[in-house]
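Below is one structure, written out as structure tokens; the observations come after it.
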Amino acid sequence: MRKRLLILAGILSACCWAGHAQSKYYEKSVEWLRKSEACKPELVYKEYKPLRVVKSVKDANAYQGWRMEDAGSVDFLFEESLKKHSGVILDFGEHITGHLSFSLKIVGGLVASDAPIRLKFTFAEVPGELNTPFDPYPGGLSRAWLQDEVVTLMNVPIETTISRRVSFRYLKIDVLGASSFDFAFDKMSFRAESAVENIRMELAESTDPLIRKINEIGLCTLKECMQTVYEDGPKRDRRLWIGDLYLEALANAYSFKNHELTKRCLYLLAGLAGDEGLLHATVFETPEPHPQYGQYCLDYALIYNVALLEYLKETGDKATAEDLWPVVVRQVEMALRQYGPDWVYDMQKPPLYWLVFDWKDNYDRHASMQGLAIWAIDKSYELAGMLGKTDEVREWPGIVKKMKKAARKHFYDKRQGVVVSGPDKQVSYLSQVWMILSETLSEKEGARALKTAMSMPDACYPGCPYAYHYVVEALLKCGLNAEAKALLVSYWGDMVKKGADTFWEVYDPKDDHRSPYGFSPINSYCHAWSCTPVYFINKYPEIFQTGE
Ligand code: RAM
């Protein structure tokens, strides 16, 4: 009943705002937004209490130079004056997302408060976040993403909830203002929320313990990001991005199997496409669904097609795939506009789309984009096949062929056996990866290219787990199974060894403080696109769950 009421409320609100943000290009965009609303999940809630007090210890060997050390039970916070314990750090034991509630009571002789009190709550996903001063703030994104909340309470006793949804494991509490009376916590609890409940996944007995741990942490990462959409990160940016959706949906298909959430996101993105039908790379749910206007990433737009194909394969839901088919066709048309007669992607042609691919400075995206477009058009054609629509797009296979030929001519250095990109003929992992995934290189050529690139000390290596996902995918595609497993173990396993509770948005084994935003505390440490070991480990048990 409650679910039905919620759906009804959603549909009503969808009707109220219909006419604002929906795509003018697609006739059915309002209906798509309604369908998206109808799939909105009801969140599941779970109560948490702080488990222990911890203290920050500076340690050059720890991730970002800080680790937490057990400092005993939390009981004293419910008995002794908080004024004596300003700066205390509580450990909730795992990464959680939701709302903190607490009540305060007076302790000691006085019976009533005579002044307001002011407390600061700093929520942190990783220890380093609590030990790096936030101000003066040097970062590139809004300072407000950092999770320090100052609360002024006029009276004690009081019971309150911090209205901001936060995402964290550690909580530091500072007393910023107090008068002569003493107060302590009476109760404290955290109401965590997610679209899914934690599950235990059975892995083969022969699975390496580190791979088990990677799977567990990947699962927790995904669970935390599965809210009323697939969020990219529950701390930051808390919104739906196409690239993140694709990888989350892959991992979800091998774990929670909440396909309604995938469907919701596919419809939401479609309904909020731009005026020419190109998908916005990212959209928001509140105060009403709307896109980040003008934020187009051509690689992400094409990835949407592949996400829809995978959704159809997983669910057999042809009705949704047929409904959204015009979006698929349009993404391909929009991408093809960026090609000249030589069938090489034109990096100089306006509107100069942002191509995401990775968070990595100086990485040349040209070869990668050529490869990704081939891959996506090929997969879109596979989707056409499944929907009986190949006649509508009969020119696509020919185009793919020409693009592959051009790719080999333009980017493949046969002598060295690697793909090169840009004016300086840069060799990057990702240039090889996308020519492998698109089958522009044969399996043999691909294996050689990737092995060569990965052994070159100066090759441009990836900067974040999103890019590493595709490296693992490419290694598997060219039969380098042992290398794929070794990479998963070394890259994600390294994060585990450095204490990750959830996988990070950005991770460079050579630099713990790397941040695309100029300040590592603003990075997201529970990031959707980092959860894909769940997909690999469970899709390929013969590779990832064996003892060798
Ligand atoms: C950042 C996030 C997000 C990603 C975009 C491109 O905001 O890392 O996950 O998809 O960039």
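The values are calculated or read from the model by the stated rules, or taken from the named source; none is laboratory data. Keep in mind the model is a prediction, meaning the values are calculated, not measured. With ideal geometry, Cβ positions are generated from the backbone for all residues, glycine too; neighbour counts draw on all protein chains shown.
Among the residues of region 423-431, is there at least one that is more than 28 Å from the chain's Cα centre (by Cα) and crowded, with 20+ Cβ neighbours inside 10 Å?
no
Could you check region 220-235 and list, in sequence order, the residues that are more than 10 Å from the ligand (Cβ to nearest atom), in a loop (DSSP other than H, G, I, E, B) and either touching a helix residue (DSSP H, G or I) at 6+ places or on another chain (Cβ under 8 Å) or over 20 Å from Phe123 (Cβ atoms) (or both)?
Residues of region 220-235 more than 10 Å from the ligand (Cβ to nearest atom): 220-224, 226-230, 234-235.
Okay, now just the ones that are also in a loop (DSSP other than H, G, I, E, B), so 227-229, 234-235.
Across region 220-235, the qualifying residues are Thr228, Val229, Pro234, Lys235.
Could you list all residues from region 190-219 that are crowded, with 17+ Cβ neighbours inside 10 Å, in a loop (DSSP other than H, G, I, E, B) and among the polar types (S, T, N, Q)?
Once the filter is applied, which keeps residues that are crowded, with 17+ Cβ neighbours inside 10 Å, in a loop (DSSP other than H, G, I, E, B) and among the polar types (S, T, N, Q), region 190-219 yields only Thr207.
At least 1 residues that are touching a residue at least 40 places away in the same chain (Cβ under 8 Å), more than 16 Å from the ligand (Cβ to nearest atom) and out of contact with any helix residue (DSSP H, G or I) (no Cβ under 6 Å at 6 or more places or on another chain) in each: list the helices (runs of 4 or more DSSP H) lying fully within region 236-318 that qualify. Before the answer, list the steps.
On the way: elements: 242-253, 259-271, 298-315.
Helices (runs of 4 or more DSSP H) meeting the threshold: 259-271, 298-315.
Could you tell me which of the residues Leu476, Leu430 is touching a residue at least 12 places away in the same chain (Cβ under 8 Å), of a type outside the set (Gly, Ala, Ser) and more than 16 Å from the ligand (Cβ to nearest atom)? Lay out the reasoning, then the answer.
Details: Leu430 fails: more than 16 Å from the ligand (Cβ to nearest atom).
Selected residue: Leu476, the only one of Leu476, Leu430 that is touching a residue at least 12 places away in the same chain (Cβ under 8 Å), of a type outside the set (Gly, Ala, Ser) and more than 16 Å from the ligand (Cβ to nearest atom).
Sort through Trp492, Trp529 and tell me the only one that's assigned to a helix (DSSP H, G or I), buried (at least 23 other Cβ atoms within 10 Å of the Cβ) and within 16 Å of the ligand (Cβ to nearest atom).
Values: Trp492 fails: within 16 Å of the ligand (Cβ to nearest atom).
Result of the check over Trp492, Trp529: Trp529.
Would you confirm, using the coordinates I've provided, whether Gly493 is under 15 Å from the mean Cα position of the chain (by Cα), under 30 Å from Gly98 (Cα atoms) and at pLDDT 95 or above?
Values: under 15 Å from the mean Cα position of the chain (by Cα): no; under 30 Å from Gly98 (Cα atoms): yes; at pLDDT 95 or above: yes.
Taking the combined requirement at face value, the residue does not satisfy it.
Of all residues in region 495-526 being in contact with a Gly (Cβ under 7 Å, 6 or more places away or on another chain) and of a type in the set (Ser, Thr, Tyr), which is nearest to the ligand (Cβ to nearest atom)?
Per the stated criteria, the residue is Ser524.
Of the residues Gly98, Gly87, Gly93, which single one is touching a residue at least 24 places away in the same chain (Cβ under 8 Å), surrounded by 15 or more Cβ atoms within 10 Å (Cβ to Cβ) and at positive phi?
Values: Gly87 fails: surrounded by 15 or more Cβ atoms within 10 Å (Cβ to Cβ); Gly93 fails: surrounded by 15 or more Cβ atoms within 10 Å (Cβ to Cβ).
None of the others qualify; the one that does is Gly98.
Could you list all residues from region 349-396 that are free of Cβ contacts under 8 Å to residues at least 12 places away in the same chain and among the hydroxyl-bearing types (Ser, Thr, Tyr)?
Listed by number, the list holds a single entry, Thr390.
Would you call Ile162 modelled with pLDDT of 95 or more and buried (at least 23 other Cβ atoms within 10 Å of the Cβ)? Don't jump to the end; show me each part of the working.
Numbers: modelled with pLDDT of 95 or more: yes; buried (at least 23 other Cβ atoms within 10 Å of the Cβ): no.
So Ile162 fails the test.
Please determine, by comparing only the residues of region 149-189 that are among the polar types (S, T, N, Q) and either farther than 16 Å from Leu100 by Cβ or not in a loop (DSSP other than H, G, I, E, B) (or both), which one is nearest to the chain's Cα centre (by Cα). Give the steps one after another, and end with the answer.
Pass one, region 149-189, residues among the polar types (S, T, N, Q): 152, 155, 160-161, 163, 167, 179-180, 189.
If we keep only those that are either farther than 16 Å from Leu100 by Cβ or not in a loop (DSSP other than H, G, I, E, B) (or both) too, we end up with 152, 155, 160-161, 167, 179-180, 189.
Details: Thr152: 34, Asn155: 40, Thr160: 31, Thr161: 27, Ser167: 14, Ser179: 44, Ser180: 46, Ser189: 27 Å.
Among residues in region 149-189 that are among the polar types (S, T, N, Q) and either farther than 16 Å from Leu100 by Cβ or not in a loop (DSSP other than H, G, I, E, B) (or both), the one nearest to the chain's Cα centre (by Cα) is Ser167.
Among the residues of region 411-422, is there at least one that is crowded, with 17+ Cβ neighbours inside 10 Å and part of a helix (DSSP H, G or I)?
Looking for residues that are crowded, with 17+ Cβ neighbours inside 10 Å and part of a helix (DSSP H, G or I), one finds at least one in region 411-422, hence yes.
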